[in-house]
1. Around residue 256, what is the net charge, scoring Lys/Arg as +1 and Asp/Glu as -1 over all other residues with Cβ under 15 Å from its Cβ?
2. Only four residue types carry charge here, +1 at the Cβ of Lys and Arg and -1 at the Cβ of Asp and Glu. Report the dipole size of the chain about the Cα centre in Debye, rounded to the nearest 20.
3. Count the DSSP beta bridges whose two residues both fall in the range 116-287, then state the antiparallel fraction as a percent rounded to the nearest 5.
4. Given the DSSP H assignment, sum -39500 (n - 2.57) over each helix run of at least 4 residues in the chain and divide by its residue total; what's the result at 222 nm in deg cm²/dmol, nearest 500?
5. Which angle from 0 to 90°, rounded to the nearest 10, does the C-alpha axis of helix 116-130 make with the longest principal axis of the chain?
6. Placing +1 on the Cβ of each Lys and Arg and -1 on the Cβ of each Asp and Glu in the chain, which of 104, 208, 67 has its Cα farthest towards the positive end of the resulting dipole?
7. I'd like the trypsin sites (Lys or Arg not before Pro) in the range 44-150 restricted to DSSP loop residues with at most 15 other Cβ atoms within 10 Å, sorted by number.
8. Would you mind ranking 211, 313, 306 so that the residue whose beta carbon has the fewest other beta carbons within 10 Å leads the list?
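Just so it is clear, none of the values below were taken in a lab; they were calculated from the coordinates. Predicted model, so just to flag it, every value in this text is computed and none were measured. As a convention, Cβ positions derive from the backbone with ideal geometry for all residues, glycine included, and neighbour counts pool all protein chains shown.
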Amino acid sequence: MECKVFIDGEAGTTGLKVAERLQQHPLVQILRVDEAYRKDAAARADIMAASDITILCLPDDAALEAVTLAEPSKTRLIDASSAHRTNSNWVYGFAELQPGQRDAIATARLITNPGCYPTGFLALARPLVASGLVADTALINVPAVSGFSGGGKAMIARHDAGELDPAFSYGTNLQHKHLGEMTVYSGLKTPPIFMPSVGDFFAGMLVHMPLHADQFAGPVTAAKIYDCFADWYGQSNFVRMGAGAANHQDTPSMLAADALAGRNDMELFVFSDTGERRFWLTARLDNLGKGASGAAVQNMNIALGLDEGLGLL
């Protein structure tokens, strides 16, 4: 039986990628508003009501308005914007975050898709904090780099016009909108120092978490960190450990940020110095995949009781 899905904001970067994935989905029918009524509130409300689930791929303000449109019909929603990510009435849509999260998504009416950078950061931070390896009082730095598609159509157009620098940092006021969810769902008491940047590649990202040994709550080794992640994500379809443990002969000396572009996978790496006093933890993912549209489709599958991996690579 086909499930009916409406993508509100299909013309945007995330919406297009969601549609691309759903077109390959064997159990989904995409509902669309006639182009002449694409911005008509009543038409959108009607098609939301006709859907089994609606995915909002809109700017924050427009997403808030769309939620109001969906309220009379109580349509199930997945919001890919940042408007509801720390709202307690919404379930956070990172299925691998912690035990029970997938079950919460499965029964929720309101699901908020995580941000791309927070997905990578939380994949590293949450297991360490929850297991007690890192105290919730720890002060954490998070340097990261994303492909320019993370800036949406406007940034893609600027890149294509030759107006972007080859690489640049942003969010230098330390007020990035991702900080709320990064703090709340990691369990940290102090927001991390988040240092995002953009590179001259379309899609993909690396999220880093450097730590000194004395930032851990007790004695630690690279193998202990690696095993913590491996145990946490052992049953995951999409989060896996990168090749080799820390300082293993198979551990890569270089990481390409775009290696997982087009996929919904995420890889985690644990690097350390030979004395195991300094550790470099990294999450690699696609900012448009596991960090956006892929996560939305994964959440949709879970919410509709379908195989979690349908329509996803």
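1. Taking every Cβ under 15 Å from that of residue 256, the sum is -3.
2. Computed about the Cα centre, the dipole is about 340 debye.
3. In the range 116-287, approximately 70 percent of DSSP beta bridges are antiparallel ones.
4. Theoretical 222 nm ellipticity from helices: -8500 deg cm²/dmol.
5. 50
6. Of the candidates, 104 comes out farthest on the positive side.
7. Of the trypsin sites (Lys or Arg not before Pro), the ones in loops of the range 44-150 whose Cβ has at most 15 other Cβ atoms within 10 Å are 74, 109.
8. The order, fewest Cβ neighbours first, is 313, 306, 211.
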